[in-house]
Amino acid sequence: MSKKTLVIGGGIAGITAAQKIAQNGGEVILIEKEGELGGNFAKLAYTFPVLADAKMIVTREIQTAKATSGIEILPQTELRGVSGSAGDFTVELNSPSGTRSEHVGAIIVAAGFHYMEPTAYTEYSYGRSPKVVTSLEFEKMAAENRLPKGNARVVFVHCVGSRDKAKGYRYCSKICCSYSAKHAIMMKKANPDSKAYVFYIDIRALGKGYEEFIRDAMEVYNVRYIRGRVAKVIESGSKLIVRAEDSLIGNPVEVEADLVVLASAMEPPEGSRDLAGILGIATDEYGFFQEAEVNVRPCHSSKSGIFLAGSCTQPMEIASAVAMGGLAASEALTLIR
Amino acid sequence: MKVWLEEKHSLLEEIEARSGQKVQECYQCSKCSGGCPFSRVMDYAPNSILEMIVYGMKDQLLSSKAIQMCIQCGICGAQCPAGFEMYEVMNVLRAMAKEEGYISHETKIPKMNNIFLGEVKNNGRMHEVNLMVKNMLSQGELVRDVAALIPIGPPMFLKGIMGFGDVLPHKIKGQAAVAKIFENVEKMQGGHA
Ligand SMILES: Cc1cc2nc3c(=O)[nH]c(=O)nc-3n(C[C@H](O)[C@H](O)[C@H](O)COP(=O)(O)OP(=O)(O)OC[C@H]3O[C@@H](n4cnc5c(N)ncnc54)[C@H](O)[C@@H]3O)c2cc1C
Ligand code: SF4
Ligand code: SF4
Ligand code: SF4
């Protein structure tokens, strides 16, 4: 029986799980395939629902993990093989310095999500016009102070690749309504002369303060919400024309825009089925890791001793990823103690 | 207008069976109507047509102009997140209107439709109105038919074909006018000729 836990993925879910295990006397090996910890959180400028400083928070959490004794952090490291069973796994870890073998009692999978490249959406001119970007690119533009200046018009497009069984995924990505409102507010704050439009099918903002946050976008920041899924984004000279049907008035509408931001789908992390294969655990129809029981065992994978945390199970916001990281930590501790 | 939700969706069931399309799979996102070249001039937008089917509003549906206006271009279906082929539904509604003796007083729209439907029959569905027009021109039906097609409807109808905000000539004669049609249709569709 080994008292160590392997955590796969150094996003906020994995960082939280590692912290909680170590703070309770456990030992952790945290592997991250990239060079740095932080995952997608580290790519954000601000966070809903309070416009908190994302870089500050994620840096603080990474520092805490690094300063906590009992956590060994291995960047640029991936899992190559697993044998054994709950309480007594042998794992093969591959990093630039070579391969090593470790004994661990429990494994937590926190491999996060991948952001869909909406290349299939040619009707939105994505990949054709540099003025059509994804929401993740918008975060980068905001962080680098590259948002449109002057009386620019910016259009935010909901549900690109989500709720679309023809070209994308059947599921709802859950948080794009909220981060699109955040982006519209960020736009208005960075440039009060700008105009922001959000095209939605329906607004899904389920979390403490989320509905109020979206109402503030409308009521305080004068963001214009238009009910209809965008049909086309047409390049027209130096501008873009966004066309949709406003289903509340039953008439087509067009907005001339300087920037169009596509809220693309959160999809399973790259290579999730391969990783599941190595671990011998199940994935769902999309490739997200499958929980053993959705309601009361959200952190249990289909195999004893292997737990799940964060957005590798379904699209979710930071608070939920943190909550799952904490629960996965306590499940691991229960097993190895 | 007062609408009643019937307990038995007989109209819905009939249309689903005849069209092979599952109306209930529609997300009611209205993307189809945003992309339909005629939505602006239809009395009911394509997504509203589907909702009216669910409500069983048979009389309003079968007497509507919208069902006569659909030219089966299939733009809506190509981009529909539910993979839903609206023109199949429109076809069934048109057939039902005919069967049940609903007489359309619109003479110009069916004429234009016939030209487009002929095109669909001969060359398949193109999903792009400009391609259809281009094909028709190359078939020798040429300027006469396209020109005949343009000044037929009320001005609003023309705008539906041309895209919004375009100033339209009232009479179209010859090549220059046809070139203008293309320019506008291409603009409307995002420059994919
Ligand atoms: C545009 C956008 C805006 C957002 N805005 C907000 C917001 O304002 N507020 C909010 O609460 N949430 C927001 N989110 C959501 C937030 O990014 C996620 O909730 C959060 O990143 C989830 O953390 P995670 O640890 O589950 O996954 P991730 O952040 O994806 O981290 C997963 C980590 O695992 C690593 N990894 C993956 N596979 C492996 C492997 N095989 N081996 C080793 N390592 C691996 C990855 O490199 C990554 O570092 C936003 C998301 C997007 C796309
Ligand atoms: S959260 Fe909102 S924008 Fe995202 S898929 Fe769901 S409904 Fe669409
Ligand atoms: S685009 Fe498809 S899913 Fe959306 S309203 Fe039209 S038919 Fe329904
Ligand atoms: S087939 Fe063409 S004309 Fe008919 S509803 Fe669809 S987009 Fe409109």
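The values are calculated or read from the model by the stated rules, or taken from the named source; none is laboratory data. Here the structure is a predicted model, which is why all the values come from computation and not from measurement. Positions of Cβ are generated from backbone atoms using ideal geometry, with glycine treated the same way; all protein chains shown enter the neighbour counts. Remember, those area values only see protein heavy atoms, side chains included, never the ligands or the DNA or RNA. Shrake-Rupley method; radii C 1.70, N 1.55, O 1.52, S 1.80 Å.
Just one of A:I185, A:I203, A:I175 is away from ligand 3 (no atom under 16 Å from the Cβ) and within 14 Å of chain B (Cβ to nearest Cβ); which is it?
Values: A:I185 fails: within 14 Å of chain B (Cβ to nearest Cβ); A:I175 fails: within 14 Å of chain B (Cβ to nearest Cβ).
Checking each option against the conditions leaves just A:I203.
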Do we have A:K208 as modelled with pLDDT under 95, closer than 22 Å to A:I318 by Cβ and surrounded by fewer than 17 Cβ atoms within 10 Å (Cβ to Cβ) here?
yes
Kindly indicate the residue of the stretch B:22-54 that is of a type in the set (S, T, Y) and assigned to a loop (DSSP other than H, G, I, E, B) and also nearest to ligand 1 (Cβ to nearest atom) among those meeting that condition.
B:Y27
So which residues in the stretch A:224-252 are open to solvent by 40 Å² or more (accessible area, probe 1.4 Å) and under 20 Å from A:V132 (Cβ atoms), if there are any at all?
A:R224, A:E235, A:S236, A:G237, A:S238, A:K239
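Would you mind finding the one in A:I249, A:I226 that is within 14 Å of chain B (Cβ to nearest Cβ) and closer than 26 Å to A:F48 by Cα? Before the answer, list the steps.
Numbers: A:I249 fails: closer than 26 Å to A:F48 by Cα.
Within the list A:I249, A:I226, the selection yields A:I226.
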State whether the residues of the stretch A:157-166 include one that is open to solvent by 10 Å² or more (accessible area, probe 1.4 Å), within 16 Å of ligand 4 (Cβ to nearest atom) and within 14 Å of another protein chain (Cβ to nearest Cβ).
yes
Hand me the list of strands (runs of 3 or more DSSP E) wholly inside the stretch A:32-149 holding 2 or more residues that are in contact with a strand residue (DSSP E or B) (Cβ under 7 Å, 6 or more places away or on another chain) and among the small types (G, A, S).
A:78-85
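What are the residues in the stretch A:96-132 that are small (G, A, S) and either surrounded by 15 or more Cβ atoms within 10 Å (Cβ to Cβ) or within 14 Å of chain B (Cβ to nearest Cβ) (or both), if any? Outline the logic, then answer.
Taking the stretch A:96-132 first, the residues small (G, A, S) are A:97-98, A:101, A:105-106, A:110-112, A:120, A:125, A:127, A:129.
Correct list: A:G105, A:A106, A:A110, A:A111, A:G112, A:A120, A:S125, A:G127, A:S129.
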Is it the case, given these coordinates, that B:L50 is open to solvent by less than 10 Å² (accessible area, probe 1.4 Å), out of contact with any strand residue (DSSP E or B) (no Cβ under 6 Å at 6 or more places or on another chain) and away from chain A (no Cβ under 14 Å)?
no
Take the residues in the stretch B:58-83 that are within 14 Å of chain A (Cβ to nearest Cβ) and part of a loop (DSSP other than H, G, I, E, B); name whichever of them is surrounded by the fewest Cβ atoms within 10 Å (Cβ to Cβ).
B:G83
